[in-house]
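This report concerns only the one structure given below.
The values are calculated or read from the model by the stated rules, or taken from the named source; none is laboratory data. What you are looking at is a predicted structure, and each value in this text was computed from that prediction instead of being measured. Cβ sites come from the backbone with ideal geometry, for glycine too, and all protein chains shown count toward neighbours.
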C-alpha cells in the first residue's frame with residue numbers, strides 16, 4: 001500500500017492540475033496526477049490550443065487574400081482543411097509530450113483513468129486501456145491531501161432541437177472539416193467571438209445570436225461596441241437581445257439544413273449551429289455513493305460548483321479544489337494560478353501568485369485584452385481616476401503590419417497615479433497586457449511606466465504614449 005500513498009493526489013490533468021503538480025514537486029511533495037482523457041485537459045486538447053492554432057491559419061489565409069495591399073501577389077489562394085487539422089494535432093501532441101516528459105523528470109506519477117473519491121484520503125482509479133498498468137482494471141490510491149481540478153464542461157441550453165445533427169459544441173466543431181458555408185453561433189461571449197473570427201476568416205458566412213443586449217456582455221462596453229463594428233465590416237451578422245427558441249431540420253435542394261427560430265419572430269437557414277453559451281463545473285461521478293453517504297452532508301456545493309475557502313480547501317479537511325470546478329473565473333491561467341496556490345496551502349508556504357488582477361484575452365481580429373478595473377467599474381465604486389488613451393492608427397508597427405485600427409487605454413488613480421486597470425484592442429494585445437498586469441499587481445504608477453524606454457517601432461510603444 002505504501003507505494004500508492006502520496007502527499008497529494010491531483011484529479012484532473014489540465015492547467016490547474018499539471019501546474020499544481022509541478023509546484024508540488026518543487027516543494028518536495030510526493031505527487032500523482034489522474035486524468036480520465038488526455039493530459040492537458042480541455043485547454044490543450046479541445047479548447048485554447050487547437051482553437052488558436054486554427055485561428056492562426058485563418059489569419060494567414062485572410063492575409064494572403066489581401067496581399068495586393070502590400071505589393072505582393074499570390075494566385076489560387078486556398079486552404080487544405082485536412083492539413084490544418086494534422087498540424088493542429090501535431091501541436092497538441094508536442095505540448096502533451098512536453099508535460100509528460102516534465103512529469104517523468106520531476107518524478108510525478110501519472111495515471112490515465114477515471115478517478116472516484118471513495119474516502120477523505122482514498123481514490124479509486126478505473127485505468128484506461130492505454131494506461132500504464134494494463135493488468136489492473138482498478139487501482140486504489142491513498143493521499144494525505146486531494147486536489148480536485150476537474151475543470152468544466154460545455155453548458156447546453158434547453159432549446160428544442162439542440163440535439164439535432166449539425167448542432168455542435170466548440171469541442172465538436174474543432175474536430176469538423178472547415179467547410180461549412182454558413183454557421184449560426186449561439187452565444188456572443190469569448191468562445192463565440194473566436195469561432196466567428198476563425199470561421200469568417202475561412203470564408204464562412206457567420207451569424208451570432210446573443211441573448212444579452214450586446215456581445216461580450218462581461219467586457220468593457222467600448223470594446224464590445226468597437227468589436228461589433230469590426231465584425232460587421234467582415235460580413236458577420238450580429239443579432240443581440242435575441243434568443244434561439246427552436247431548431248428544426250429540413251431538406252432544401254436535396255441537402256439537410258437547419259432552420260433556427262429566434263425570439264424576434266424570424267427564422268434563419270444554416271448548415272451548422274455552434275453552441276457557445278458558457279461552461280459549467282464538472283463534478284459528475286467524482287464522488288462515490290458511499291462517500292456521499294458518509295461525508296456528503298458536510299461537502300458544500302453551490303449550483304454545481306465546489307465551495308472553497310481562501311486556501312482552496314473545501315468544507316472537508318484535506319480535500320482541495322481549484323480552477324473551473326470552483327465556478328470562478330474560467331480561464332486556463334487562472335486555473336493554473338489557483339492550483340499553485342492550493343498546493344502552497346497544503347505545503348503551508350506563502351502563496352506565490354497574486355490573483356487580484358487576472359488578464360482576460362480574446363483572440364479575435366483585432367485581439368482584445370483587459371486587466372483590472374474598467375472606467376465603468378471605477379465610476380461605480382466612486383473612485384477618482386484618470387484615463388490615458390492612444391489610438392493605434394498612429395503606431396508605426398501597426399501601419400507596417402497593415403493594422404488599420406485599435407487602441408490602448410490605461411486607467412490610474414487621479415491623486416497617486418497608481419495604475420488600476422487597462423483595456424486594449426489591437427494587434428498583439430494578448431501579449432502586451434502582461435506589462436499592465438504587472439503594473440496593477442505591483443501598484444506601479446504612470447510615472448514609473450513612462451520612465452521605461454520602449455523599442456521603436458513596436459506595438460508596446462502605445463503603452464507609453466497612452467499615459468503621457
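How many residues, within region 210-223, are closer than 14 Å to residue 278 by Cβ and over 20 Å from the mean Cα position of the chain (by Cα)?
Residues meeting the conditions: 2.
Look at residue 308 and say whether it is more than 17 Å from residue 118 (Cα to Cα) and assigned by TED's automatic domain parsing to the domain that holds residue 209.
Answer is no for this residue.
Within region 272-290, is even one residue in a strand (DSSP E or B), closer than 20 Å to residue 27 by Cβ and in contact with a strand residue (DSSP E or B) (Cβ under 8 Å, 6 or more places away or on another chain)?
There is no residue in region 272-290 that is in a strand (DSSP E or B), closer than 20 Å to residue 27 by Cβ and in contact with a strand residue (DSSP E or B) (Cβ under 8 Å, 6 or more places away or on another chain).
Please pick out the residue among 397, 379 that is more than 30 Å from residue 328 (Cβ to Cβ), over 27 Å from the mean Cα position of the chain (by Cα) and either not in a strand (DSSP E or B) or not assigned by TED's automatic domain parsing to the domain that holds residue 223 (or both).
397
On the basis of being over 20 Å from residue 241 (Cα atoms) and surrounded by 16 or more Cβ atoms within 10 Å (Cβ to Cβ), does residue 124 make the cut?
The answer is yes for residue 124.
Kindly indicate which of 435, 367 is touching a helix residue (DSSP H, G or I) at 6+ places or on another chain (Cβ under 7 Å) and closer than 19 Å to residue 229 by Cβ.
Testing whether each residue is touching a helix residue (DSSP H, G or I) at 6+ places or on another chain (Cβ under 7 Å) and closer than 19 Å to residue 229 by Cβ leaves just 367.
Do you know which of the residues in region 236-252 that are in contact with a strand residue (DSSP E or B) (Cβ under 7 Å, 6 or more places away or on another chain) and assigned to a loop (DSSP other than H, G, I, E, B) is surrounded by the most Cβ atoms within 10 Å (Cβ to Cβ)?
Only one residue fits best here, namely 236.
For region 429-468, give me the residue count where each residue is surrounded by 21 or more Cβ atoms within 10 Å (Cβ to Cβ) and assigned to a loop (DSSP other than H, G, I, E, B).
Within region 429-468, residues that are surrounded by 21 or more Cβ atoms within 10 Å (Cβ to Cβ) and assigned to a loop (DSSP other than H, G, I, E, B) number 1.
Strands (runs of 3 or more DSSP E) wholly in region 315-375 with at least 1 residues that are under 15 Å from residue 17 (Cβ atoms) - which ones?
Of the strands (runs of 3 or more DSSP E) lying wholly inside region 315-375, those with at least 1 residues that are under 15 Å from residue 17 (Cβ atoms) span 319-321.
What number of residues within region 64-84 are within 21 Å of residue 199 (Cα to Cα), part of a helix (DSSP H, G or I) and either touching a strand residue (DSSP E or B) at 6+ places or on another chain (Cβ under 9 Å) or without any contact (Cβ under 8 Å) to a residue 12 or more places away in the chain (or both)?
Residues in region 64-84 being within 21 Å of residue 199 (Cα to Cα), part of a helix (DSSP H, G or I) and either touching a strand residue (DSSP E or B) at 6+ places or on another chain (Cβ under 9 Å) or without any contact (Cβ under 8 Å) to a residue 12 or more places away in the chain (or both): 2 in total.
Which condition does residue 273 not pass, out of (1) under 30 Å from residue 36 (Cα atoms); (2) surrounded by fewer than 18 Cβ atoms within 10 Å (Cβ to Cβ); (3) at pLDDT 95 or above, if it passes all the others?
Among (1) under 30 Å from residue 36 (Cα atoms); (2) surrounded by fewer than 18 Cβ atoms within 10 Å (Cβ to Cβ); (3) at pLDDT 95 or above, the lone unmet condition for residue 273 is (2).
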